[in-house]
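So the structure is just underneath, and the comments pick up after that.
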Amino acid sequence: MTDTLNNDTAGAGVNDAGYATFTAGGFTFRRDEYFATIEWPTGSHQLAIDSFLRSMQRDVAWGFFYGIVNFDEVFGTMNHYGNVDMFAGRFNEAYRKAEVDYSENFDHDVLIECFKAILSDWTNEGYDPFAAPMETGSAFGPSKGTNDAAVTRRRVVADRMVGVPGDEQIRSDETGFPINRGFEDVPQDEPIVRAEAGYEDEVCSFNLFAYLSRSDVTWNPSVVSACKESLYCPTTEEYILPVIHGNDRVEWFVQLSDEIQWDVEDRDTGAKRARVVMKAGDVAAMPADIRHQGYSPKRSMLLVWENGSPRIPEMIAKGEATVHPVDF
Ligand SMILES: [Fe+2]
């Protein structure tokens, strides 16, 4: 396991565009005005910087998430919950055959600190990697200021359910979250609860559509209810899911409004497996052996339902659980 990383901001490491260079194990990260360039002992790769920052933002905010976060078809991370692999070409058949793929294991805390430092240094003033492209400034050009308030934004996580006293809420004008331009037609009335005397603090409800209409970010599932390992994670989507998510468990999607089109590929090789068009009311289950990327032509609401048990990857490996939600 690699436990060292460096950035040479303290030395002469700031390049002509004003950006620091970072290293983690055998990987080096550089940015210029348009691209992030990643080098590893057997190769190198470039990503458009806006796309790279949007992916990096999710990987950091989600703590490497479930399974695999592919920034694109070459570079990404694989979560082992406590430690994490950073890889290039590992889930790309051509890179594997040419033997230029590379993977290195890091302590979770070490790699996340490196990624946070990259995100902070490479994000310019006025650009928010969480925002839809039409709702933020440009990621391109020479280094200009920072946007740490945006890139350190925390994912909203409820302990029980949104609306229960004391839990985090983004439900009203008082919290400072305005209704998004895509959801101006969403009713904002809240359900009326008439609880038995003595149960006033224990019975609650909330308007999920109104809640989501005020989400100021895209492709960032919040957790609105947690019942043991069952997590309801709704989110609002616009433009392209910045990562190609490689599942390590079955994942259910309920399309709550509008439309998302999904490209579904084999998780390990990237071979195309399906294209799924989900319209409001549609429900789909993504198997545990695929990777997927979604396209949302206008802002839409999606409910992602996960079983968050850390045992699931091991159960699948041992054959105690299947990669399909239902065997017909
Ligand atoms: Fe997924």
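Observations
- Close amide-amide hydrogen proximity is noted between residue 251 and 286, each under 5 Å apart and 5 or more residues distant or on a separate chain (H modeled in the peptide plane; Pro and chain starts excluded).
- Extreme residue, positive dipole direction of segment 137-275, given options 243, 158, 254 (C-beta unit charges): 243
- Degrees between helix 49-61 axis and first principal axis of the chain (Cα, 0 to 90, nearest 10): 60
- With protein chains left intact and a 1.4 Å probe, residues in the chain average 47 Å² of accessible area per residue.
- Only one residue of 210, 134, 293 has its Cα farthest out toward the positive end of the dipole of the chain, where Lys and Arg carry +1 and Asp and Glu -1 on Cβ, and that residue is 293.
- For the chain, the C-alpha radius of gyration sits at 1.04 times the compact-globule guess of 2.2 N^0.38 Å, with N the residue count.
- If you run the Gaussian network model on the chain, springs between alpha carbon atoms under 10 Å, then out of 128, 282, 101 the most flexible one is 282.
- Taking the Cα centre of the chain as origin and assigning +1 to Lys and Arg Cβ atoms and -1 to Asp and Glu Cβ atoms, the resulting dipole is close to 500 debye.
- Convex hull volume per residue for segment 11-136, taking Cα atoms only, in Å³: 112
- Of all DSSP beta bridges in segment 173-317, antiparallel share, percent nearest 5: 100
- Neighbour-limited loop hits for GluC sites (Glu not before Pro), segment 183-254 (at most 15 other Cβ within 10 Å; DSSP other than H, G, I, E, B): 184, 196, 200, 202, 229
- Annotation note: GluC sites (Glu not before Pro) in segment 296-328 located in DSSP loop regions with a Cβ neighbour count of at most 10 within 10 Å are 320.
- Low-density loop positions, trypsin sites (Lys or Arg not before Pro), segment 270-328 - DSSP coil, at most 13 other Cβ in 10 Å: 311, 318
- Per residue, the convex hull volume that the Cα atoms of segment 173-317 enclose (Å³): 134
- Among the listed pairs 97/318; 116/298; 272/298; 116/144, those beyond 26 Å (Cα-Cα): 97/318; 116/298
- Percent accessible area from carbon and sulfur atoms, segment 229-328, protein chains only, probe 1.4 Å: 58
The values are calculated or read from the model by the stated rules, or taken from the named source; none is laboratory data. This one's a predicted model, so the numbers in the text were calculated from it and none came from an experiment. Because the Cβ atoms are built from the backbone with ideal geometry, glycine has one as well, and the counts that use them run over all protein chains shown. When the accessible area is computed, the model is the full protein with side chains, heavy atoms only, and any ligands, DNA or RNA have been set aside. Shrake-Rupley method; radii C 1.70, N 1.55, O 1.52, S 1.80 Å.
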